[in-house]
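Working notes for the structure below.
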Amino acid sequence: MAQDSQVRAVVRDLERFTERTMQRLVTDIDATLRSEPAQGGTPRDLGWARANWIAEVGGPAAPPAQPPPQRGETVASTPEQAAGIAKVLRYRLRQGAIYLTNNVPYITRLNDGHSRQAPAGFVQAAVRRGINRITRTRGR
């Protein structure tokens, strides 16, 4: 019986470690993608693409959070972004996967290098950077 409680304790510890790691990874990637292009972020003209990185738990985010801005307007961030990060910070494994999506119609073109502000593959680079940061600080 003592062995069963030890196994349960180890499983709980592993679950909590995994949850914290996923929370840190997703918030890190999100912060990078919402930063300036020089820091690895999403290219910005009106800010619509940058403002549509939405974290969601259990399934990907729905269509873009905000309508596209009109010329002369800019979008900094959205309530959907804040709500998504709040969900990530409460994340538990039993809820399923965490998604960080961007549903603006041209996000693939931006990631393919159609903007001079950011190199092709900036999304993959943000993910790699996030993983590297997590693995470097894992023992701390």
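The values are calculated or read from the model by the stated rules, or taken from the named source; none is laboratory data. Since we're looking at a predicted model, the values are computed, not measured. Here Cβ is always computed from backbone atoms with ideal geometry, including for glycine, and neighbour counts include all displayed protein chains. Note: accessible area is taken over every heavy atom of the protein model, side chains too, but ligands, DNA and RNA are not part of it. Shrake-Rupley method; radii C 1.70, N 1.55, O 1.52, S 1.80 Å.
Accessible surface calculations at 1.4 Å, restricted to protein heavy atoms, place region 56-140 at 66 Å² per residue. Compared with the dominant principal axis of the Cα atoms in the chain, helix 2-33 is inclined by about 10°.
Counting protein heavy atoms only, the chain has 54 percent of its accessible area on carbon and sulfur, 1.4 angstrom probe. Per residue, the convex hull spanned by the alpha carbons of region 1-67 comes to 78 Å³. Mean separation of Cα pairs under 8 Å and 6 or more residues apart, divided by the residue count, gives region 1-100 a relative contact order of 30 percent.
Distant-in-sequence amide contacts of Gly113, defined by a placed amide H-H separation under 5 Å and a gap of 5 or more residues or a different chain, comprise Gly121. Against the longest alpha carbon principal axis of the chain, how many degrees, from 0 to 90 and to the nearest 10, is the axis of helix 122-137 turned? Orientation of helix 122-137: about 30 degrees from the principal axis. Which GluC sites (Glu not before Pro) in region 51-140 pass both tests, a DSSP loop state and at most 16 other beta-carbon atoms within 10 Å? Here the sparse-neighbourhood loop sites are Glu73. Using the Cβ of Val88 as centre and a radius below 14 Å, the other residues enclosed give a net charge of +1, where K and R count +1 and D and E count -1.
Of the peptides 127-133, 45-51, how do they stack up when ordered by the mean number of other Cβ atoms within 10 Å, highest first? Walk me through the intermediate numbers first.
Values: 127-133: 15.1, 45-51: 20.9.
Packing order, densest peptide first, comes out as 45-51, 127-133.
Assign one of three labels to region 96-140, namely rounded, prolate or oblate, based on the Cα gyration tensor with a ≥ b ≥ c the square roots of its eigenvalues; rounded applies when a/c is under 1.5, prolate when it is not and a/b is larger than b/c, and oblate otherwise. Judged from the Cα gyration tensor, region 96-140 comes out oblate (a/c at least 1.5, b/c at or above a/b). Under Stokes-Einstein, with the Kirkwood radius over Cα pairs as Rh, the value for the chain at 25 °C and 0.890 mPa s is 150 µm²/s. In order along region 102-109, phi translates into HN-Hα couplings of 9, 9, 5, x, 10, 4, 5, 4 Hz, rounded to whole numbers, per the Karplus curve 6.51 cos²θ - 1.76 cosθ + 1.60 with θ = phi - 60° and x for Gly and Pro.
Any chance you could check the Cα centroid distance between region 1-50 and region 79-140 for me, in angstrom? Region 1-50 and region 79-140 have Cα centres spaced 9 Å from each other.
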